[in-house]
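K.L.:
Take a look at this one; I'll ask things after.
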Amino acid sequence: MTGFRQDVTYGARMLLKRPGFTAVAVLTLALGIGANSAIFSVVNAVLLRPLPYEEAERLVRIGGRDLRRAAEPPGTFSPPDFYDWRARSTNVFEGVAAIDGWSPSLTGTGEPERIQAAKVSANFFSLLRAAPAAGRTFLTEEERRGNHYVVVLSHGLWQRRFGGDPSIVGRQIELTGEKLTVVGIMPREFQMPRFTGYDYEEPELWIPFAPDLANWTRSGRSVDAGIARLKAGVTIEQAQGEMEQIGRGLQEQYPKSNATATVKVVSLYEQLVGATRPALLVFVAAVGFVLLIACANVANLLLARSAARQKEIAIRAALGASRVRVVRQLLTESVLLSLVGGALGLLLAMWANDLLLALSAGAIPRIEGAGLDARVLLFTFAVSALTGIVFGLAPALQASKTDLNEMLKDGGRTTYGTTRGRVRALLVVSEVALSLVLLVGAGLLIKSFARLSAVDPGFDTENVLTMTVFLNGKKYPRDEEHPVFFDAVVERARTLPDVEHVGLVSNLPVSGNFDRISIYPEGQLIAEGEAQDTEQYMVNADYFGALRIPLREGRIFTSEDRSEAPPAVVVSESTAHNFWPNESAVGKRIKTGDASNPWLNVVGVVGDVRHYGLDKPANMQIYRPHAQRPSQQMTLVVRTRTEPEAHAGRVREQLWAVDRDQPVYDIKTMREYVADSIAERRFSMLIVAVFALVALLLAVVGVYGVMSYTVAQRTHEIGVRMALGARGTDILKLVIGQGMILALAGVATGILAAFVVTRAMSSLLFGVSALDASIFTAVAVLLASVALLACYIPARRATRVDPLVALRYE
C-alpha cells in the first residue's frame with residue numbers, strides 16, 4: 001500500500017506538471033467514456049432493468065393469431081374466445097387478464113377532457129402484483145355487466161384533475177355520460193405494460209372489462225391485448241403448446257369463426273423491448289468504437305510523452321527500479337488519467353441523457369428511466385479503470401525498454417524508436433479503420449432515412465390540421481345522430497378564412513389506429529373465415545380532397561350518398577387489382593363482415609395510402625360514407641392555405657359552437673403524424689451520426705498528432721536533407737506520403753471491417769443495401785481527404801525548418 005500511495009502521489013504530480021497534455025487526454029477520454037456511460041444508462045433502463053412487476057419473468061402477453069400470418073405479434077381477439085382461454089388454461093397460467101383500450105370523456109369537473117383509459121379484467125392488478133395507494137382494485141363480481149360502474153384512478157390523474165383529494169375514493173365521476181364510483185387510486189410508480197403492435201398512451205384510469213356477450217360474436221375480434229402469469233416451473237414453450245391445443249379445440253367447436261384462429265404466447269419483456277434491441281446494440285457498438293478511438297489517441301499521447309521521459313525512466317532503472325515497478329508507475333498514471341476522464345465523462349453523460357430523452361421523442365420504450373444509478377456508476381468506474389490499462393499498457397511496456405548506457409550519456413538524444421513508431425502507426429491505422437466503420441454506418445442510416453422520408457405516403461401532408469372527437473354515447477345514443485353532429489361541424493369549419501377542405505375520417509393514416517374487416521366480392525367463392533382482411537375507413541365526401549388522395553377511376557362520395565341512398569364504397573388500387581385484375585372495379589359489388597350484410601356498390605377507385613407507416617406497404621383499403629356507416633369517433637382533417645397550427649383554436653371553437661361538452665383531443669398536423677411514425681429511425685440516425693462525427697474528429701486529431709510528433713522527432717533528419725539540397729516540395733511529399741500510407745491502410749482495413757459489421761444493421765435500413773457502394777466510396781474519399789489535410793499541416797511546418805537550427809537540434 002505504501003508503494004501504491006507513492007505511485008498515485010507521484011503520478012498525480014507528474015500530470016499536474018503538464019496541464020496541457022493532461023487536459024487534452026482527459027477531454028478525449030471524457031468524450032469516449034461519457035458517450036459509453038450515456039448509452040449504457042439507456043441500455044440499462046431499457047434492456048437490463050427488470051420490468052417493474054414482481055416476478056416479471058413469469059408475465060407473458062397472449063393474443064389472437066391468424067394461422068395465415070404466423071409471424072405477426074399477438075393480435076386482437078373476441079371476448080368469448082378470451083373467456084374460453086381463461087377457463088381452459090389453468091394448467092399453465094395462474095391467471096389471464098384482458099386489456100382493452102378506451103378513451104372516455106371526463107366531464108362534470110372543469111373543461112371536458114378526453115382521457116386515455118383501459119378496460120381490464122378484475123384480476124389485472126393482482127396478476128401484476130400491483131396494490132393501490134388508496135382504496136381497492138376491482139372485485140370479481142364487477143366484471144359482470146351492471147356491476148361494472150367503478151373506476152380506479154392513476155396517481156397522475158388524481159393529482160391533475162382532483163387536486164390529490166383523498167376523499168375522491170367513494171365519490172362518483174362522470175365518464176362519457178355515465179356515473180362511476182372511484183374505488184381506488186394507483187401509486188405514482190405503477191406503469192401499464194405497453195405492447196408491440198398496440199399503440200396507446202399510458203392510461204390514466206381503469207374500469208372493469210365487462211363486455212356484453214349477447215352482442216359479441218367470435219368473429220368480432222376487437223379486444224386489444226391479454227396478459228397472463230405463468231405457473232411456477234412452466235415455460236413459455238409449454239404455455240404456447242397448451243394454448244395451441246386450446247385453439248385447436250375452439251377451431252373444431254366453432255369452425256365458422258375460428259377456422260384459422262389460434263393463440264400466441266410471448267414474453268412480456270420481449271413484447272415491451274424486443275423490437276428496440278437491434279438499434280440499442282448498434283448504439284453500443286458505435287460508442288464502443290468511439291471509446292477505442294479515444295484510447296488509441298491517448299495511447300499515442302503517452303507514447304510521445306514517454307519518449308521525452310526516457311532519461312527519467314533510465315535513472316529510475318539505474319537506481320534499482322525493476323521493469324515491473326516502472327510499468328506499474330506508468331500504468332498508475334494512465335489509470336489516474338482515465339478515472340479523471342471518467343468523472344468528467346459522468347457529467348457529460350448527465351447532459352447527454354437529457355439530450356437522448358429529447359431526441360427519442362418516445363421512440364424507445366422505457367428510455368424515460370435512463371439515468372445515473374448505481375449500476376451506471378459501477379459501469380463507468382469499471383470502464384474508466386479498464387480504459388486506463390488498455391491505453392496505458394503499450395506505452396508503459398515501450399517506455400520501460402531503455403538502453404541505460406545510451407540514455408545516461410550526457411546530452412544523449414531521445415530516440416524515436418522503431419518499435420515505438422510501429423505501435424503509433426498501428427494505433428493510427430486502427431483509429432482510421434474504426435472511424436470508417438462508424439461513418440459508413442452513419443451514412444447508411446442517413447441515406448436510408450432520406451429514402452424513407454421521400455416515400456410517397458399516398459396523401460399530401462402539407463398544411464393539414466387534424467383533431468379528433470369521440471361523441472358522448474349518452475348524449476348521442478343513436479347512430480343517425482352522429483353524422484348530423486359532424487356535418488354541422490364541417491359546415492361551420494368550412495366558413496373559416498383560408499380553409500380549403502374539411503374532411504372526416506374514422507382512423508387517420510399513420511396514427512396507429514386501424515379498423516380491419518373481411519370483404520367478399522360478388523361472384524368469387526370465398527369461404528367465411530378465409531376472407532382477406534382490408535382496412536376500413538368511414539369518411540365524408542371532402543376527405544379525399546383534404547388529403548389529396550388521387551381518384552383513379554369512377555367517382556368519390558357526394559352529398560347524395562346518405563343513409564337512404566344505395567350503399568356505396570370506394571376501394572383502393574390494391575383492393576381493385578387484387579379482386580378484379582385486368583378489369584374495372586367500378587360497378588362491382590362487395591359484402592363486408594359476413595354474408596348476411598347488404599351489398600355495397602363500388603363507385604370509385606382511389607390511390608393506395610400507407611396507413612401503417614412510410615416503411616410499411618399499403619394494404620387493401622375500402623372507404624364508406626360516414627352517413628351510411630356512422631361512427632362515434634371521427635377525426636377532422638382540415639386543409640388550409642396557410643400554416644395549419646394557426647387555425648387550431650378557430651376550428652376547435654367552431655366545433656364547440658355545435659356542442660361545448662364534446663372534448664377535442666389529438667390536435668396535430670399531418671406532418672407531425674408522419675414525423676412520429678419515423679421517429680425511431682430518425683433517433684437511430686442522429687445518434688450514430690453524432691458518434692461518427694466524434695470518431696472522425698478523434699481520428700483526425702490522432703493522425704495530426706502522429707505526424708506532428710514525427711516531424712518534431714525528425715527535425716534533425718529534415719535539416720540534413722535540406723542542407724544536402726532537398727526542396728520544400730520533397731519534404732512535403734515525404735511527410736504527407738508517410739502519413740497517407742497510414743491513413744489509406746486504415747481506410748482499407750475499415751472497408752473490410754465495414755463489410756462485416758454493416759450486415760448487422762440490415763433491419764434498421766430502408767431501401768438501402770448494407771453494402772451500398774456509393775456510401776462506402778463517399779466515406780472512404782471523405783476520410784482520405786480529411787487525413788490528407790491532417791498530414792498537410794505538419795508537413796507544411798516541416799518545409800519551414802531552418803537547416804542551421806535543425807543541425808544544432810539537441
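The values are calculated or read from the model by the stated rules, or taken from the named source; none is laboratory data. Worth saying up front: this structure is predicted, and the values here are computed from it rather than measured. Note: ideal-geometry Cβ built from the backbone for every residue, glycine included; neighbour counts use all protein chains shown. Surface accessibility is based on the protein's heavy atoms, side chains included, excluding ligands, DNA and RNA. Shrake-Rupley method; radii C 1.70, N 1.55, O 1.52, S 1.80 Å.
A quick yes/no check of all residues on (1) closer than 30 Å to Leu783 by Cα; (2) modelled with pLDDT under 85; (3) out of contact with any Cys (no Cβ under 8 Å at 6 or more places or on another chain); (4) among the hydrophobic types (A, V, I, L, M, F, W, C):
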position: Ser360; (1), (2), (3), (4): yes, yes, yes, no
position: Ile367; (1), (2), (3), (4): no, yes, yes, yes
position: Ala394; (1), (2), (3), (4): yes, yes, yes, yes
position: Met407; (1), (2), (3), (4): no, yes, yes, yes
position: Arg413; (1), (2), (3), (4): no, yes, yes, no
position: Val423; (1), (2), (3), (4): yes, yes, yes, yes
position: Ser430; (1), (2), (3), (4): yes, no, yes, no
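Okay, residues lined up against (1) closer than 20 Å to Arg328 by Cα; (2) modelled with pLDDT of 85 or more; (3) open to solvent by less than 20 Å² (accessible area, probe 1.4 Å); (4) not hydroxyl-bearing (Ser, Thr, Tyr):
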residue	(1), (2), (3), (4)
Met1	yes, no, no, yes
Val8	yes, no, no, yes
Ala25	yes, no, yes, yes
Leu31	no, yes, no, yes
Ala38	no, yes, yes, yes
Ser41	no, yes, yes, no
Asn44	no, yes, yes, yes
Pro50	no, no, no, yes
Glu57	no, yes, no, yes
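K.L.:
Sticking with this one: Filter segment 257-298 down to residues that are in contact with a Lys or Arg (Cβ under 8 Å, 6 or more places away or on another chain), part of a helix (DSSP H, G or I) and modelled with pLDDT under 85, then give me how many there are.
P.N.:
Matching residues across segment 257-298 total 5.
K.L.:
Working only within segment 769-789, note down all residues that are buried (at least 21 other Cβ atoms within 10 Å of the Cβ) and either more than 15 Å from Phe755 (Cβ to Cβ) or among the acidic types (Asp, Glu) (or both).
P.N.:
Leu783, Ala787
K.L.:
Tell me, which residue of segment 543-560 that is in contact with a Gly (Cβ under 7 Å, 6 or more places away or on another chain) and either part of a loop (DSSP other than H, G, I, E, B) or among the basic types (Lys, Arg) (or both) is least open to solvent (accessible area, probe 1.4 Å)?
P.N.:
Ile549
K.L.:
Report every pair of residues separated by at least 6 positions or lying on different chains whose Cβ atoms are under 9 Å apart, first residue within segment 340-352 and under 18 Å from Ala23 (Cα atoms), second open to solvent by 40 Å² or more (accessible area, probe 1.4 Å) and among the aliphatic types (A, V, I, L, M).
P.N.:
Hits for this filter: Gly341/Leu27; Gly341/Leu31; Leu344/Leu27; Gly345/Leu31; Leu346/Leu372; Leu346/Leu377; Leu348/Leu31.
K.L.:
Suppose we keep only residues that are more than 32 Å from the chain's Cα centre (by Cα) and not aliphatic (A, V, I, L, M) within segment 504-527. Which one would you say is surrounded by the most Cβ atoms within 10 Å (Cβ to Cβ)?
P.N.:
The qualifying residue surrounded by the most Cβ atoms within 10 Å (Cβ to Cβ) is Tyr520.
K.L.:
Out of segment 673-692, which residues are free of Cβ contacts under 8 Å to residues at least 24 places away in the same chain and surrounded by fewer than 17 Cβ atoms within 10 Å (Cβ to Cβ)?
P.N.:
Just the residues of segment 673-692 that are free of Cβ contacts under 8 Å to residues at least 24 places away in the same chain, to begin with: 675, 690.
Residue satisfying the conditions is Ala675 alone.
K.L.:
At pLDDT 85 or above and either acidic (Asp, Glu) or open to solvent by less than 50 Å² (accessible area, probe 1.4 Å) (or both), is that true of Ala726?
P.N.:
Values: at pLDDT 85 or above: no; either acidic (Asp, Glu) or open to solvent by less than 50 Å² (accessible area, probe 1.4 Å) (or both): yes.
Taking the combined requirement at face value, the residue does not satisfy it.
K.L.:
Does Ile246 fit the bill of being modelled with pLDDT of 85 or more, open to solvent by less than 60 Å² (accessible area, probe 1.4 Å) and more than 27 Å from the chain's Cα centre (by Cα)?
P.N.:
Details: modelled with pLDDT of 85 or more: yes; open to solvent by less than 60 Å² (accessible area, probe 1.4 Å): yes; more than 27 Å from the chain's Cα centre (by Cα): yes.
Criteria met by Ile246.
K.L.:
Of everything in segment 452-476, what is of a type in the set (Ser, Thr, Tyr) and in a helix (DSSP H, G or I)? Give them in sequence order.
P.N.:
Correct list: Ser453 only.
K.L.:
If you take the residues in segment 108-119 that are among the hydrophobic types (A, V, I, L, M, F, W, C) and not in a loop (DSSP other than H, G, I, E, B), which one is surrounded by the most Cβ atoms within 10 Å (Cβ to Cβ)?
P.N.:
Per the stated criteria, the residue is Ala117.
K.L.:
Taking the options Glu653, Glu643, Glu680, Glu672, name whichever one is at pLDDT below 85 and either under 26 Å from Pro365 (Cβ atoms) or charged (D, E, K, R) (or both).
P.N.:
That would be Glu680, the only listed residue that is at pLDDT below 85 and either under 26 Å from Pro365 (Cβ atoms) or charged (D, E, K, R) (or both).
K.L.:
Then there is this: Please state which one of Ala97, Ala122, Ala130 is open to solvent by less than 70 Å² (accessible area, probe 1.4 Å), closer than 20 Å to Met192 by Cα, of a type in the set (A, V, I, L, M) and assigned to a strand (DSSP E or B).
P.N.:
Ala97 is the lone residue from the list that is open to solvent by less than 70 Å² (accessible area, probe 1.4 Å), closer than 20 Å to Met192 by Cα, of a type in the set (A, V, I, L, M) and assigned to a strand (DSSP E or B).
K.L.:
For Thr90, all conditions in the list (1) open to solvent by 10 Å² or more (accessible area, probe 1.4 Å); (2) among the polar types (S, T, N, Q); (3) in contact (Cβ under 8 Å) with a residue 24 or more places away in the chain hold save one; what is the number of the exception?
P.N.:
For Thr90, the failing item is (3).
K.L.:
State which residue pairs qualify: first residue within 25 Å of Leu303 (Cα to Cα) and inside segment 713-724, second residue open to solvent by less than 60 Å² (accessible area, probe 1.4 Å) and assigned to a helix (DSSP H, G or I) in any location, beta carbons under 7 Å apart, and separation of 6 or more residues or different chains.
P.N.:
Cβ pairs passing all conditions: Thr715/Ala806; His716/Ala806; Ile718/Ile731; Ile718/Ala798; Ile718/Ala806; Gly719/Pro803; Gly719/Ala806.
K.L.:
I need the full set of residues from segment 353-368 which are open to solvent by 30 Å² or more (accessible area, probe 1.4 Å) and within 14 Å of Leu47 (Cα to Cα), in order please.
P.N.:
Pro365, Arg366, Glu368
K.L.:
Still on this model: Taking Arg144, is it free of Cβ contacts under 8 Å to residues at least 60 places away in the same chain and open to solvent by 50 Å² or more (accessible area, probe 1.4 Å)?
P.N.:
In short, no.
K.L.:
Being farther than 30 Å from Glu680 by Cα and within 35 Å of the chain's Cα centre (by Cα) narrows it down to one of Gln628, Gln621, Gln632, so name that one.
P.N.:
Working: Gln628 fails: within 35 Å of the chain's Cα centre (by Cα); Gln621 fails: farther than 30 Å from Glu680 by Cα.
On inspection, the qualifying residue turns out to be Gln632.
K.L.:
Anything in segment 91-136 that is of a type in the set (Val, Ile, Thr) and more than 20 Å from Tyr149 (Cβ to Cβ)? List them, or say none.
P.N.:
Selection gives Val92, Val96.
K.L.:
A follow-up question, please. Please determine whether any residue of segment 540-556 is among the β-branched types (Val, Ile, Thr), within 32 Å of the chain's Cα centre (by Cα) and closer than 21 Å to Gln633 by Cβ. Talk me through it step by step, then tell me what you get.
P.N.:
Taking segment 540-556 and keeping what is among the β-branched types (Val, Ile, Thr), we get 549, 556.
Within this subset, residues satisfying the condition of being within 32 Å of the chain's Cα centre (by Cα) are 549.
Adding the requirement that they be closer than 21 Å to Gln633 by Cβ leaves 549.
Within segment 540-556, one or more residues are among the β-branched types (Val, Ile, Thr), within 32 Å of the chain's Cα centre (by Cα) and closer than 21 Å to Gln633 by Cβ.
K.L.:
What number of residues within segment 612-634 satisfy the criterion of being open to solvent by less than 10 Å² (accessible area, probe 1.4 Å) and either in contact with a Pro (Cβ under 8 Å, 6 or more places away or on another chain) or not hydrophobic (A, V, I, L, M, F, W, C) (or both)?
P.N.:
6
K.L.:
Then there is this: Can you pull out the residues in segment 170-184 that are modelled with pLDDT of 90 or more and open to solvent by less than 50 Å² (accessible area, probe 1.4 Å)?
P.N.:
Selection gives Ile173, Leu180, Thr181, Val182, Val183, Gly184.
K.L.:
Only one residue in Val571, Val609 is on the phi < 0 side of the Ramachandran plot, in a loop (DSSP other than H, G, I, E, B), open to solvent by less than 10 Å² (accessible area, probe 1.4 Å) and at pLDDT 90 or above, so which one is that?
P.N.:
Working: Val571 fails: in a loop (DSSP other than H, G, I, E, B).
Matching residue, one of Val571, Val609: Val609.
K.L.:
Only residues that are open to solvent by 20 Å² or more (accessible area, probe 1.4 Å), under 18 Å from Val539 (Cβ atoms) and assigned to a helix (DSSP H, G or I): list them for segment 477-500, please.
P.N.:
Val484, Asp487, Ala488, Glu491, Arg494
K.L.:
To continue, here is another question. Take the residues in segment 203-223 that are more than 22 Å from Asn147 (Cα to Cα) and charged (D, E, K, R); name whichever of them is surrounded by the fewest Cβ atoms within 10 Å (Cβ to Cβ).
P.N.:
Arg218
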